[in-house]
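The values are calculated or read from the model by the stated rules, or taken from the named source; none is laboratory data. Remember, predicted model here, so these are calculated numbers, not experimental data. Backbone-built Cβ (ideal geometry, glycine too); neighbour counts: all protein chains shown. Heads up: the accessible areas ignore ligands, DNA and RNA and are worked out on the full protein's heavy atoms, side chains in. Shrake-Rupley method; radii C 1.70, N 1.55, O 1.52, S 1.80 Å.
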2 protein chains.
Amino acid sequence: MTVTDGYLVNNAEYARNFTGPLPMPPSKHVAIVACMDARLDVYRLLGLREGEAHVIRNAGGVVTDDVIRSLAISQRLLGTREIILIHHTDCGMLTFTDDDFKRAIQEETGIKPSWAAEAFPDVEEDVRQSLRRIQASPFVTKHESLRGFVFDVATGKLNEVTR
Amino acid sequence: MTVTDGYLVNNAEYARNFTGPLPMPPSKHVAIVACMDARLDVYRLLGLREGEAHVIRNAGGVVTDDVIRSLAISQRLLGTREIILIHHTDCGMLTFTDDDFKRAIQEETGIKPSWAAEAFPDVEEDVRQSLRRIQASPFVTKHESLRGFVFDVATGKLNEVTR
């Protein structure tokens, strides 16, 4: 039995008490961009309820082209008007460099990824980088609020990053 | 007061009862790729606890290069060995075409995105497309389990997609 099988058992229990469906557009008009880190339960740490906000997550919570794509769809087709960026302390992206990571892949597989790994040495500075990428995008322009935070994995607290 | 401000109040409450920190590597060695849809509380619908699994989300839950990047980091640096893909019924990605979406952006801004919007007309077929993209990737090769599901937003149930 895999871990996946165990999660499917949990899902059957979840479905038993489920009441739905909710509408497609996020009721609070918010989009959140966060790191994929296992310790960030975004719904719990923000007190989100189902149906309120889009949640976009990748390695680092970095604003890549795929995040711009997701935010453009979120704003233009589903009406979100606030963006919350969440990086966090003790992030895996602080532990390597793009060059080393891509070289290791090339040595094992013979193929060098054409994409950047997006590692970063300073979490607050990378939040600022992500804020700037959104501000520079011609495709993500509908928000009235854009703020960036570092989640502290030791305390559970979000600390805002000043620009 | 923005919705963001309200979520920060919730976070202060969350931090009051927080016990941490947990270790960085996912304790269940699982990575989940899901749609950003507001109705998918991935932790609740799978019964995940903090620290167990990476959670990667974008518009559609589509396997893009950014998802390959995140999965490569997840597997190679943080040891995950199972992948769960989650699309869902009533998805926004079923409601438009790439051509129309990109033309609307071009008409408003003058600039046509260089990325695909990744809209799809059939949710099960797009789960299969995402499974195939992972199987075809030279960079995501460490998993022992790879399965795809459609979450039913009316019942809360995950239904597996056969290949």
Legend entry - Breaking point among (1) open to solvent by less than 50 Å² (accessible area, probe 1.4 Å); (2) within 30 Å of B:THR109 (Cα to Cα), for A:GLY20: (2)
Inset, instruction - Considering only region B:49-61, state which residues are open to solvent by 10 Å² or more (accessible area, probe 1.4 Å) and more than 7 Å from chain A (Cβ to nearest Cβ). - result: B:ARG49
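Counting just the residues of region B:132-147 that are part of a loop (DSSP other than H, G, I, E, B) and of a type in the set (Ser, Thr, Tyr), which one comes out least open to solvent (accessible area, probe 1.4 Å)? Steps first, please.
Residues of region B:132-147 part of a loop (DSSP other than H, G, I, E, B): B:137-144.
Remaining after also requiring of a type in the set (Ser, Thr, Tyr): B:137, B:141.
Details: B:SER137: 14, B:THR141: 74 Å².
Checked region B:132-147; the qualifying residue least open to solvent (accessible area, probe 1.4 Å) is B:SER137.
Is one or more of the residues making up region B:14-26 among the aromatic types (Phe, Trp, Tyr), more than 11 Å from the chain's Cα centre (by Cα), over 18 Å from B:ILE83 (Cβ atoms) and facing chain A (nearest Cβ under 7 Å)? Talk me through it step by step, then tell me what you get.
Here is the first cut: in region B:14-26, the residues among the aromatic types (Phe, Trp, Tyr) are B:14, B:18.
From the residues that got through so far, the ones that are more than 11 Å from the chain's Cα centre (by Cα) too are B:14, B:18.
Checking which are over 18 Å from B:ILE83 (Cβ atoms) leaves us with B:14, B:18.
Within this subset, residues satisfying the condition of being facing chain A (nearest Cβ under 7 Å) are B:14, B:18.
Checked region B:14-26: at least one residue is among the aromatic types (Phe, Trp, Tyr), more than 11 Å from the chain's Cα centre (by Cα), over 18 Å from B:ILE83 (Cβ atoms) and facing chain A (nearest Cβ under 7 Å).
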Inset, instruction - Scan region A:104-123 and give yes if some residue there is surrounded by 15 or more Cβ atoms within 10 Å (Cβ to Cβ) and of a type in the set (Ser, Thr, Tyr), otherwise no. - result: no
Inset, instruction - Output the number of the condition that A:GLN129 fails; it satisfies all remaining conditions of (1) buried (at least 20 other Cβ atoms within 10 Å of the Cβ); (2) within 14 Å of A:VAL67 (Cβ to Cβ); (3) over 14 Å from the mean Cα position of the chain (by Cα); (4) not acidic (Asp, Glu). - result: (1)
Legend entry - 3 or more residues in contact (Cβ under 8 Å) with a residue 12 or more places away in the chain: qualifying helices (runs of 4 or more DSSP H) within region B:1-79: B:42-46, B:65-78
Inset, instruction - Being more than 7 Å from chain B (Cβ to nearest Cβ), within 24 Å of B:GLY79 (Cβ to Cβ) and of a type outside the set (Lys, Arg) narrows it down to one of A:THR64, A:THR97, so name that one. - result: A:THR97
Inset, instruction - Spot the failing condition for A:VAL67; the list is (1) of a type in the set (A, V, I, L, M); (2) more than 13 Å from the chain's Cα centre (by Cα); (3) closer than 22 Å to B:CYS35 by Cβ; (4) open to solvent by less than 10 Å² (accessible area, probe 1.4 Å), and only one is missed. - result: (2)
Inset, instruction - All but one of (1) part of a helix (DSSP H, G or I); (2) small (Gly, Ala, Ser); (3) at the interface with chain A (Cβ under 8 Å from one of its Cβ atoms); (4) under 30 Å from A:GLU108 (Cα atoms) hold for B:ALA104, so report the exception by its number. - result: (4)
Inset, instruction - Kindly indicate whether A:ASP41 is under 20 Å from A:ALA154 (Cα atoms), acidic (Asp, Glu), modelled with pLDDT of 95 or more and in contact with a Gly (Cβ under 8 Å, 6 or more places away or on another chain). - result: no
Legend entry - Single condition A:ARG163 does not satisfy, out of (1) modelled with pLDDT under 95; (2) open to solvent by less than 10 Å² (accessible area, probe 1.4 Å): (2)
Inset, instruction - Within region A:134-159, track down each residue that is within 15 Å of the chain's Cα centre (by Cα) and over 17 Å from A:GLU82 (Cβ atoms). - result: A:VAL150, A:PHE151
Inset, instruction - Would you mind telling me which numbered condition in (1) closer than 24 Å to A:ALA34 by Cβ; (2) open to solvent by 40 Å² or more (accessible area, probe 1.4 Å); (3) within 8 Å of chain A (Cβ to nearest Cβ) B:ARG81 fails? - result: (3)
Legend entry - Residue list for region B:1-38, filter: within 18 Å of A:LEU46 (Cα to Cα), touching a strand residue (DSSP E or B) at 6+ places or on another chain (Cβ under 8 Å) and not aliphatic (A, V, I, L, M): B:THR2, B:THR4, B:TYR7, B:ASN11, B:ASP37
Legend entry - Enumeration of residues in region B:3-17 that are exposed (fewer than 14 other Cβ atoms within 10 Å of the Cβ) and among the aromatic types (Phe, Trp, Tyr): none
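When region A:148-160 is examined, which residues are found to be crowded, with 20+ Cβ neighbours inside 10 Å, on the phi < 0 side of the Ramachandran plot and not aliphatic (A, V, I, L, M)?
A:GLY148, A:PHE149, A:PHE151, listed by residue number.
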